[in-house]
1. Only one of 91, 14, 96, 27 is within 24 Å of residue 124 (Cα to Cα), of a type in the set (A, V, I, L, M, F, W, C) and at pLDDT below 95; which?
2. Does region 32-51 contain at least one residue that is closer than 30 Å to residue 10 by Cβ, in contact with a helix residue (DSSP H, G or I) (Cβ under 7 Å, 6 or more places away or on another chain) and of a type in the set (Lys, Arg)?
3. So if I check each of 75, 107, 60, 115, which one is over 14 Å from the mean Cα position of the chain (by Cα) and closer than 21 Å to residue 29 by Cβ?
4. Out of the residues in region 59-80 that are out of contact with any Lys or Arg (no Cβ under 8 Å at 6 or more places or on another chain) and within 22 Å of residue 94 (Cβ to Cβ), state the one that is surrounded by the most Cβ atoms within 10 Å (Cβ to Cβ).
5. Could you name every one of the helices (runs of 4 or more DSSP H) located completely within region 1-84 that has at least 3 residues being without any contact (Cβ under 8 Å) to a residue 60 or more places away in the chain and among the hydrophobic types (A, V, I, L, M, F, W, C)?
6. Do you know which residues across region 107-128 are assigned to a helix (DSSP H, G or I) and either surrounded by 15 or more Cβ atoms within 10 Å (Cβ to Cβ) or touching a helix residue (DSSP H, G or I) at 6+ places or on another chain (Cβ under 6 Å) (or both)?
7. Kindly provide the set of residues from region 5-25 that are over 27 Å from the mean Cα position of the chain (by Cα) and not aliphatic (A, V, I, L, M), ordered by number.
Amino acid sequence: MIATLDSVMILDQAEELGFLIKDSEVAHEYHEARRQLSKNREAQRLIKRFTELKELYDEVQRFGRYHPDFMTITVQVREAKRDMDLHESVASFKKAETELEGLLVEVSSLLAGEVSPSIKVPSGNPFFDNQSCGGGCGSGGSCGCG
């Protein structure tokens with residue numbers, strides 16, 4: 001790529017946009033929730049327990065229902081996940097993370113839409129995916145995009 005004045009200006013503006021997002025209230029809330037989560041011993045214990053059980057679950061999944069501990073491990077993983085997800089620090093972090101992701105997806109969608117309405121921005125969120133869909137999704141228009 002040859003550095004032209006236009007490309008340098010675009011890169012400068014992109015960097016400025018990045019700083020604006022980084023300094024936004026949503027980003028500050030995300031970093032604060034992440035800091036609180038990392039400091040909370042009970043939350044860290046619940047995360048560690050879930051991670052250990054998830055590794056056991058993945059090992060048991062190789063054999064499926066035929067593994068003698070299949071039901072026990074499956075129930076334990078679900079309980080550990082529920083306990084972890086219901087912890088205040090974890091829930092706050094997940095909420096802040098989702099809000100930051102939403103902001104990033106919205107900015108990405110706006111940028112892509114300015115270039116061309118047919119550019120798709122993967123978001124993992126059906127609301128945004130349907131908005132940015134420019135056709136060719138393979139569902140025969142049932143998603144409402146075509």
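The values are calculated or read from the model by the stated rules, or taken from the named source; none is laboratory data. Bear in mind that the values here come from a model prediction, so they are computed numbers and not experimental data. Cβ sites come from the backbone with ideal geometry, for glycine too, and all protein chains shown count toward neighbours.
1. Details: 91 fails: at pLDDT below 95; 96 fails: at pLDDT below 95; 27 fails: at pLDDT below 95.
After applying the criteria, what remains is 14.
2. We begin by selecting, within region 32-51, every residue closer than 30 Å to residue 10 by Cβ; these are none.
The answer is no; no qualifying residue exists.
3. Exactly one of 75, 107, 60, 115 is over 14 Å from the mean Cα position of the chain (by Cα) and closer than 21 Å to residue 29 by Cβ, namely 107.
4. By that ranking, first place goes to 76.
5. In region 1-84, the matching helices (runs of 4 or more DSSP H) lie at 5-22, 41-61.
6. In the first step, residues of region 107-128 are kept if they are assigned to a helix (DSSP H, G or I); the result is 107-115, 126-128.
Selection gives 107, 108, 109, 112, 113, 128.
7. 6, 7
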